[in-house]
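The values are calculated or read from the model by the stated rules, or taken from the named source; none is laboratory data. Nothing here was measured: the structure is a model prediction, and the numbers come from that model. Note: ideal-geometry Cβ built from the backbone for every residue, glycine included; neighbour counts use all protein chains shown.
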């Protein structure tokens, strides 16, 4: 109660001094360090920020020393080996699709973008084949679950092609023929044999593949 010494408050940037008035012991005065104009004005900070922006702007426009931009489509960045591109269907020895319409890929697909309509094969074997196999590339999230879940190595995403821009919704749907070796609606000028012969043993070699393996 009887001590009236000055007690500096805890502060790092501002000087705050607490003292007790000599005339009135109940009155406490606070002395605060006022910041200089450079600290409260936004103009110096604005000029500093614009200087950094202009430095990088002219440095990249003239010297291009930090830019990562490539002249697409003249220059194309190579895709990594594990890149997931457009889907393709693998083929059997008789150039038919290896898919047996087991419905694993549409079941595991989180985007519900795969549509399969199973049908019996002409040889009346125990395996089926997809009469309709369609993938909506606009809904596809490129997760690769369909490739991992396929037990017959019937579908892959190693084409190295990415989905192109389309004007109509139906143009983004990849059909069974487009994923094998026919012209694609998405790329009508490109006739690429997406489907190729698979070297996997399980599935696609006839109903007696278990006996041959």
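Which of the residues that make up segment 113-126 are in a loop (DSSP other than H, G, I, E, B), farther than 16 Å from residue 155 by Cβ and touching a residue at least 12 places away in the same chain (Cβ under 8 Å)?
Within segment 113-126, the subset in a loop (DSSP other than H, G, I, E, B) is 113, 121-126.
When the remaining residues are screened for being farther than 16 Å from residue 155 by Cβ, the result is 121-126.
Selection gives 125, 126.
In this structure, is residue 68 at pLDDT below 85, surrounded by fewer than 10 Cβ atoms within 10 Å (Cβ to Cβ) and over 23 Å from residue 146 (Cα atoms)?
On the way: at pLDDT below 85: yes; surrounded by fewer than 10 Cβ atoms within 10 Å (Cβ to Cβ): yes; over 23 Å from residue 146 (Cα atoms): yes.
The answer is yes for residue 68.
Listed residues 132, 141; which is over 20 Å from residue 198 (Cβ atoms), in contact (Cβ under 8 Å) with a residue 24 or more places away in the chain, more than 22 Å from the chain's Cα centre (by Cα) and surrounded by fewer than 20 Cβ atoms within 10 Å (Cβ to Cβ)? Quick ask: steps written out before the conclusion?
Working: 141 fails: more than 22 Å from the chain's Cα centre (by Cα).
Result of the check over 132, 141: 132.
Considering only segment 145-159, state which residues are in a loop (DSSP other than H, G, I, E, B) and loosely packed, with under 13 Cβ neighbours inside 10 Å.
Listed by number, the list holds a single entry, 151.
Name the residues in segment 65-106 that are touching a strand residue (DSSP E or B) at 6+ places or on another chain (Cβ under 9 Å), more than 15 Å from residue 198 (Cβ to Cβ) and free of Cβ contacts under 8 Å to residues at least 60 places away in the same chain, would you?
Once the filter is applied, which keeps residues that are touching a strand residue (DSSP E or B) at 6+ places or on another chain (Cβ under 9 Å), more than 15 Å from residue 198 (Cβ to Cβ) and free of Cβ contacts under 8 Å to residues at least 60 places away in the same chain, segment 65-106 yields 101, 102, 103, 105, 106.
With the structure loaded, tell me whether residue 190 is at pLDDT 90 or above and either touching a helix residue (DSSP H, G or I) at 6+ places or on another chain (Cβ under 9 Å) or in a loop (DSSP other than H, G, I, E, B) (or both) or whether it fails that test. Working first, answer last.
Numbers: at pLDDT 90 or above: no; either touching a helix residue (DSSP H, G or I) at 6+ places or on another chain (Cβ under 9 Å) or in a loop (DSSP other than H, G, I, E, B) (or both): yes.
For residue 190, the condition - at pLDDT 90 or above and either touching a helix residue (DSSP H, G or I) at 6+ places or on another chain (Cβ under 9 Å) or in a loop (DSSP other than H, G, I, E, B) (or both) - is not met.
Within segment 40-65, take every residue that is assigned to a loop (DSSP other than H, G, I, E, B) and farther than 29 Å from residue 165 by Cβ and give me the one that is modelled with the lowest pLDDT. If you could, list the steps in order and put the result at the bottom.
First, the residues of segment 40-65 that are assigned to a loop (DSSP other than H, G, I, E, B): 41-42, 64-65.
Next cut, farther than 29 Å from residue 165 by Cβ only: 41-42, 65.
Working: 41: 76, 42: 81, 65: 72.
Only one residue tops the list, namely 65.
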